[in-house]
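To keep things clear, I will list the structure first and then write my remarks on it.
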Amino acid sequence: MRINELPRLPGTTWPRVELLPFGPQHLDMVWEWMNPPQVRCWLDFGGGRQDLSKRQLYLMLSNSHVCARLFQLPGDSRPLGLVCMNNIDDLMGSMDVWIVRDLSVMRPIRNSVTSAGARILATGFLDFGRQIATTWVVASNRASIYLHDIIGMRHSGTQRSRHVIDGRRHDRWLYDMTLAEFGQLYPDVPSEQGRTFRTHFMRTLPDDGGLEVTHG
């Protein structure tokens with residue numbers, strides 16, 4: 001199917017993707033996505049660890065603190081990648097977002113990963129009541145930096161010399177996005193449960209130009 005034949009994610013020019021809950025039947029496939037050295041070198045599963053056994057990966061993705069979703073094009077049976085939110089029960093309303101793509105798809109549909117990122121943000125903000133999304137990326141990972149920029153995440157800081165790849169130290173760049181910022185960028189992007197910022201919230205612009213959010 002050509003890109004111009006795909007349904008669009010509302011309010012964007014990106015192809016719409018479907019979100020599917022991660023289950024044990026997906027474990028082998030997801031582990032193969034995340035295990036290659038050229039993928040796991042950008043990751044950190046805690047304490048600097050960059051590889052997990054299949055059992056450890058399953059326990060992580062099925063943990064109650066994590067919302068793990070596969071994403072795919074409508075009508076397609078082959079997922080394109082995995083998008084996750086960590087710490088979805090944080091009492092201060094934060095969530096950590098990360099994405100892994102299936103690199104075996106030689107010609108991925110342009111901006112399908114971006115679409116998945118926007119949808120998981122909508123899901124976190126609108127279905128899980130999160131107020132702030134945070135991410136980090138290795139400063140030499142150009143593809144991830146481009147993804148963050150396109151989605152509209154704000155570069156909020158730098159952790160110097162925080163990441164190690166092949167014995168060399170790299171900075172990590174920190175990004176974030178608030179619920180109000182998401183509403184300004186994506187008022188019509190639906191969450192997994194079909195909510196949108198436009199329908200879920202009443203939005204008013206105060207005199208200072210900021211976005212004040214109240215439940216509708």
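Observations
- Calculated [θ] (222 nm, deg cm²/dmol) that DSSP helices of n ≥ 4 give over the chain, each run adding -39,500 (n - 2.57): -6000 deg cm²/dmol
- Beta bridge orientation in the chain: antiparallel %, DSSP, nearest 5: 90
- Label selected from [x] 17.4; [y] 19.7; [z] 18.0, the criterion being Kirkwood radius over Cα pairs in Å as computed here: [z]
- Distance between the 7 Å Cα→Cβ label points at Glu5 and Met34: 3.4 nm.
- Excluding exposed DSSP-loop trypsin sites (Lys or Arg not before Pro) (at most 16 other C-beta within 10 Å), longest clean stretch of the chain: 111-216
- Between Ser64 and Arg78, the distance separating the two model label sites (each 7 Å from Cα on the Cα→Cβ line) works out to 3.8 nm.
- Each other residue within a Cβ distance under 15 Å of Val30 adds +1 if Lys or Arg and -1 if Asp or Glu, for a net charge of +2.
- Relative contact order of the chain, pairs being alpha-carbon contacts under 8 Å that are 6 or more residues apart, as %: 17
- All other residues whose Cβ lies under 15 angstrom from that of Met85 are scored, Lys and Arg at +1 and Asp and Glu at -1, for a net of -3.
- Distance from segment 31-102 to segment 125-190 (C-alpha centre basis), Å: 15
- Each other residue within a Cβ distance under 14 Å of His170 adds +1 if Lys or Arg and -1 if Asp or Glu, for a net charge of +3.
- Between helix 112-122 and the chain: long-axis angle, C-alpha atoms, 0 to 90°, nearest 10: 60
Read the figures in this text as sums done on the coordinates, not as results from a lab. Note that this is a predicted model, so its numbers are computed, not measured. Neighbour counts are summed over all protein chains in view; Cβ atoms, including those assigned to glycine, are modelled from backbone coordinates with ideal geometry.
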